[in-house]
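Undergrad: The structure's right below; bear with me while I get my questions together.
What follows draws every value from the coordinates through simple rules; no lab data is involved. Fair warning: this is a prediction, and the values are worked out from it, not measured in the lab. Quick reminder, even Gly has a Cβ in these numbers, built from the backbone with ideal geometry, and neighbours come from all protein chains shown.
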2 protein chains.
Amino acid sequence: MQDILDASPASDWRTLDPARTLYLQLPTGRVVIELAPDFALEHVANIATLAKEGYWDGLFVIRSQDNYVAQWGDPEEDEAKKKKIGTAKPHLPAEFERDAKGVPFVKLPDVDGWAPEVGFSGGFPAARDPKAGKAWLTHCYGMVGAGRDVAADSSDGTSLYAVTGQSPRMLDRNITLVGRVVQGIELLSVLPRGTGPLGFYEKPEQYVPIVSAKLASQVPEAERTQLQLLRTDSKTFETVVESRRNRRDEWYKRPAGHIDLCNVPLPVRAPK
Amino acid sequence: MQDILDASPASDWRTLDPARTLYLQLPTGRVVIELAPDFALEHVANIATLAKEGYWDGLFVIRSQDNYVAQWGDPEEDEAKKKKIGTAKPHLPAEFERDAKGVPFVKLPDVDGWAPEVGFSGGFPAARDPKAGKAWLTHCYGMVGAGRDVAADSSDGTSLYAVTGQSPRMLDRNITLVGRVVQGIELLSVLPRGTGPLGFYEKPEQYVPIVSAKLASQVPEAERTQLQLLRTDSKTFETVVESRRNRRDEWYKRPAGHIDLCNVPLPVRAPK
């Protein structure tokens, strides 16, 4: 794969929009999350407000469930004592899917059991139902979503989770996905597993502190994480996918002739 | 799911064969691995010999690659200095697949992109090609395989890996799978990621020591991990799968109507 990337033109790479990039700063380092306003406009706007107002600063990762998700937010269960959300909206619509019209979509030819069509939209793994005219983001490793209660529209973006295990695609269109970890997922995936139900930490001393959660645009330019992401609508990406669908190196004895959406690598690199 | 399991008859559960169960003892606890002689007879026999002769005792987990595998064995690269394998065989055949005849197989009705048929065989996720008359184990989370070099038959069972990320099904039939972690996978999945190529640890002080690796049959009965595993050929398991294929609880707004092989839970419990 490295050879393919090394041969790619600079135009096949893009950079992150600082206003749509969230830095989740843990004691062990920075998790860089690309937000997806094209799929979750209201949630992303609220998350931007929460970040600007320092909502998560001093809160915690409160859950790490093996082969599933790590989740962060306010561990307080008493509504009256919960951290105030400032000027963020207390109520958002569910953004499980959107009108497929106008959504760029690079379709994978490979069969998928969860959706009629799967592929990539602006760097995110996504799915589409041409008959229903809907598109949505999919729960692959590293995807970030907004936790909710039983009501479909009960997420406000204060409690977020990242997928750290086998793609839980059954969650697709059941919860609002807001973005994807593009660097630092291993800071979340190695967290000790919580021993409570659903992997919640049972004791406050187990919570992992959030140093801060800021938009990249809030951080001086010199302190931003500089990344280039391979455009999923580029020829190079198409070549990467094909090279993974049919491995031609010496080690592989039987190319699969198939790739699952969530096995497709989404290359990221430091600027050249 | 708990309700379904609570209502199950005792006959739907099985126990582990101590002669085919490997305890990988890490400083943080015991990883329990069920070996799969029906699919990898020669590898399992060699692993049993290696365990009995204490091969892994004092060796290390040497690799932790995010969203992929943790691997253990001898970090020594100089063939002359490698730990001796005692009476174990230095050479084994590749056991990538086997004749499907006589192999029990509970088929999932769900489409799979990697194989003509997928399902479960004796508690293990598996696949089958009726035309070719072959069956094989599949790379789901927690599956354990035998590392190899470029030659298909270069694994001897001394270097093992467990899947700790998105199911790398492209490895199916390219490497010999020897079993599955049935308890303690989280002891491997949280290990710090190696910073070398492929997630190998770069410095000896990063290696995670293996206290011991023994067959359950080598351990006094009172010290064995007592587990019951839901039989994958039971009616209860069928009910579990269907309950996951179409979630009917209040939280899920849209049942998927599908499940991927590697999303199917394989229930394990302490004896009642």
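Undergrad: Sort out which residues of the stretch A:27-47 are among the aliphatic types (A, V, I, L, M) and buried (at least 20 other Cβ atoms within 10 Å of the Cβ), and write them in order of number.
TA: Of everything in the stretch A:27-47, those that are among the aliphatic types (A, V, I, L, M) and buried (at least 20 other Cβ atoms within 10 Å of the Cβ) turn out to be A:VAL31, A:VAL32, A:ILE33, A:LEU35, A:ALA36, A:ALA40, A:VAL44, A:ILE47.
Undergrad: Filter the stretch A:180-216 for residues that are in a helix (DSSP H, G or I), surrounded by fewer than 16 Cβ atoms within 10 Å (Cβ to Cβ) and in contact (Cβ under 8 Å) with a residue 12 or more places away in the chain and give the result.
TA: A:LEU198, A:PRO204, listed by residue number.
Undergrad: From the list A:GLY119, A:GLY142, A:GLY147, which residue is within 13 Å of chain B (Cβ to nearest Cβ), under 19 Å from A:LEU177 (Cα atoms) and buried (at least 22 other Cβ atoms within 10 Å of the Cβ)?
TA: A:GLY142
Undergrad: Answer yes or no as to whether A:ILE210 is over 30 Å from B:GLU97 (Cα atoms) and either away from every other protein chain (no Cβ under 12 Å) or of a type in the set (Asp, Glu) (or both).
TA: Yes.
Undergrad: In addition: What are the pairs, 6+ residues apart or on separate chains, where a residue within the stretch A:25-46 that is without any contact (Cβ under 8 Å) to a residue 40 or more places away in the chain has its Cβ under 8 Å from a residue that is in a helix (DSSP H, G or I)?
TA: Partner pairs satisfying both residue conditions: A:PRO37/A:ARG20; A:PRO37/A:VAL44; A:PRO37/A:ALA45.
Undergrad: Answer with yes or no whether B:PHE96 is over 30 Å from A:PRO116 (Cα atoms), surrounded by 19 or more Cβ atoms within 10 Å (Cβ to Cβ), under 20 Å from the mean Cα position of the chain (by Cα) and not hydroxyl-bearing (Ser, Thr, Tyr).
TA: yes
Undergrad: Please state which of the following conditions A:ASP12 fails to meet, knowing it meets all the rest: (1) more than 18 Å from A:LEU137 (Cβ to Cβ); (2) surrounded by 15 or more Cβ atoms within 10 Å (Cβ to Cβ); (3) under 20 Å from the mean Cα position of the chain (by Cα).
TA: Every condition holds for A:ASP12 apart from (3).
Undergrad: A further question follows. Can you tell me which condition A:LYS272 does not meet? The list is (1) within 9 Å of chain B (Cβ to nearest Cβ); (2) part of a loop (DSSP other than H, G, I, E, B); (3) surrounded by fewer than 20 Cβ atoms within 10 Å (Cβ to Cβ); (4) among the basic types (Lys, Arg), and all the others hold.
TA: With (1) within 9 Å of chain B (Cβ to nearest Cβ); (2) part of a loop (DSSP other than H, G, I, E, B); (3) surrounded by fewer than 20 Cβ atoms within 10 Å (Cβ to Cβ); (4) among the basic types (Lys, Arg) applied to A:LYS272, the lone miss is (1).
Undergrad: Given the criteria basic (Lys, Arg) and under 27 Å from B:GLU221 (Cα atoms), does B:ARG63 qualify?
TA: no
Undergrad: Here's something else I'd like to know. Listed residues B:VAL69, B:VAL111; which is within 14 Å of chain A (Cβ to nearest Cβ) and surrounded by fewer than 18 Cβ atoms within 10 Å (Cβ to Cβ)?
TA: B:VAL111
Undergrad: For the stretch A:233-255, what are the residues that are buried (at least 16 other Cβ atoms within 10 Å of the Cβ), among the charged types (D, E, K, R) and assigned to a helix (DSSP H, G or I)?
TA: A:ARG244, A:ARG245, listed by residue number.
Undergrad: Output the residue which, of all residues in the stretch B:129-139 that are more than 28 Å from A:LEU188 (Cα to Cα) and surrounded by 21 or more Cβ atoms within 10 Å (Cβ to Cβ), is nearest to the other protein chains (Cβ to nearest Cβ).
TA: Step by step, filter the stretch B:129-139, then rank; the result is B:TRP136.
Undergrad: Another question, then. Hey, any hits in the stretch B:179-198 for a residue that's more than 14 Å from chain A (Cβ to nearest Cβ) and under 20 Å from the mean Cα position of the chain (by Cα)?
TA: yes
Undergrad: Turning to a different aspect of this structure: Let me spell it out: the conditions are (1) closer than 23 Å to A:VAL208 by Cβ; (2) buried (at least 22 other Cβ atoms within 10 Å of the Cβ); (3) more than 14 Å from chain B (Cβ to nearest Cβ), and A:LYS81 meets all of them except one. Which number is the exception?
TA: Result: A:LYS81 fails condition (2) only.
Undergrad: Away from chain A (no Cβ under 13 Å) and more than 20 Å from the chain's Cα centre (by Cα): which single residue out of B:GLU250, B:GLU202 fits that description?
TA: B:GLU202
Undergrad: Next question, about the same structure. Which of the strands (runs of 3 or more DSSP E) found entirely inside the stretch B:39-157 contain at least 1 residues meeting this: touching a Pro at 6+ places or on another chain (Cβ under 6 Å)?
TA: Where strands (runs of 3 or more DSSP E) fall fully within the stretch B:39-157 and carry at least 1 residues being touching a Pro at 6+ places or on another chain (Cβ under 6 Å), they are B:60-65, B:117-121, B:124-129.
Undergrad: Please find, within the stretch B:159-178, the residue that is surrounded by the most Cβ atoms within 10 Å (Cβ to Cβ) out of those that are within 9 Å of another protein chain (Cβ to nearest Cβ) and of a type in the set (S, T, N, Q).
TA: B:THR164
Undergrad: Pull up the stretch A:20-38, narrow it to residues that are part of a strand (DSSP E or B) and not aliphatic (A, V, I, L, M), then point me to the one that is nearest to the chain's Cα centre (by Cα).
TA: Only one residue tops the list, namely A:GLU34.
Undergrad: Shifting gears a bit: Among (1) of a type outside the set (D, E, K, R); (2) within 13 Å of chain B (Cβ to nearest Cβ); (3) buried (at least 22 other Cβ atoms within 10 Å of the Cβ); (4) touching a Leu at 6+ places or on another chain (Cβ under 7 Å), where does A:ALA126 come up short?
TA: (2)
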